[in-house]
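Notes follow once the structure below has been shown.
The values are calculated or read from the model by the stated rules, or taken from the named source; none is laboratory data. Predicted model, so just to flag it, every value in this text is computed and none were measured. Every residue, glycine among them, receives a Cβ derived from its backbone with ideal geometry; neighbour counts consider all protein chains shown. Heads up: the accessible areas ignore ligands, DNA and RNA and are worked out on the full protein's heavy atoms, side chains in. Shrake-Rupley method; radii C 1.70, N 1.55, O 1.52, S 1.80 Å.
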Amino acid sequence: MQNVLPPIVDDETKVLIIGSMPGKQSLDKQQYYGNPRNHFWPIIGQLLNVTIPEQYEQKIELLRIRKIGLWDSIQSCERQGSLDATIKNEIPNDFEWLFQQYPQIQLVLFNGGKSFNVFKKHIGLSILNGREFEKMPSTSPIPGKNIKSFEEKVAAWRILKHALDE
């Protein structure tokens, strides 16, 4: 069984980005998007027009200042390697608790199909209670059937910037 990272959310969070389950490198480092090949941090840098810091704590502080939170749909699961496709016996995180604690979250972005599908199956979209949500292209560096270029991912993820500019 693999265990997930704690939520990065506070009373200022407006946008919550939900991944599926951190990959092996991320779990080993205890960092969201810890694989240097993952497009998450470069996409954030481009959208916010900032240089992404080297230190993980500074990366998280950048997200907090910009009112962006992170969590995963899966609390624990069985998985070979880091592929979402090999995830089984997943147990979801407690989003009922999270949304009660942080009712100010306005937009939920699912990082890839697996995070969306697990959330929909185990938690249900009704828990979003009127919040906007979008299924985004995965920032994972692992090729999949719906692989997009970096530029296509940035274009799709622009919804994040628009939500923060409102």
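For region 128-136, the Karplus equation 6.51 cos²θ - 1.76 cosθ + 1.60, evaluated at θ = phi - 60°, returns couplings of 5, 6, x, 5, 6, 8, 9, 8, 9 Hz by residue, with Gly and Pro reported as x.
How much of the DSSP beta bridge set in region 47-166 is antiparallel, as a percent to the nearest 5? Roughly 40 percent of the beta bridges in region 47-166 run antiparallel, per DSSP. The H on the amide N of Phe133, modeled in the peptide plane, is under 5 Å from the matching H of Val108, each at least 5 residues off or on a different chain.
Only helices enter this figure: runs of n ≥ 4 DSSP H residues, each worth -39500 (n - 2.57), summed and divided by the residues of the chain, yield -10000 deg cm²/dmol at 222 nm to the nearest 500.
In terms of packing, defined here as the mean over residues of other Cβ atoms within 10 angstrom, the peptides 155-161, 49-55 line up highest first as 155-161, 49-55.
Which entries of Lys29/Lys67; Lys88/Lys120; Lys59/Lys135; Lys88/Lys114 show an alpha-carbon separation above 21 angstrom in the structure shown? From the list (Lys29/Lys67; Lys88/Lys120; Lys59/Lys135; Lys88/Lys114), the Cα-Cα distance tops 21 Å for Lys29/Lys67; Lys59/Lys135. The trypsin sites (Lys or Arg not before Pro) found in region 1-55 that occupy coil by DSSP, while having at most 12 further C-beta atoms within 10 Å, are Arg37.
Over region 19-118, accessible surface divided per residue gives 48 Å², non-protein components excluded, 1.4 Å probe.
The heavy atoms of Glu132 offer some 120 square angstrom of accessible surface to a 1.4 angstrom probe. Karplus-based coupling profile of region 90-96, in residue order and whole Hz: 6, 10, x, 6, 8, 6, 4, with θ = phi - 60° in 6.51 cos²θ - 1.76 cosθ + 1.60 and x standing for Gly or Pro.
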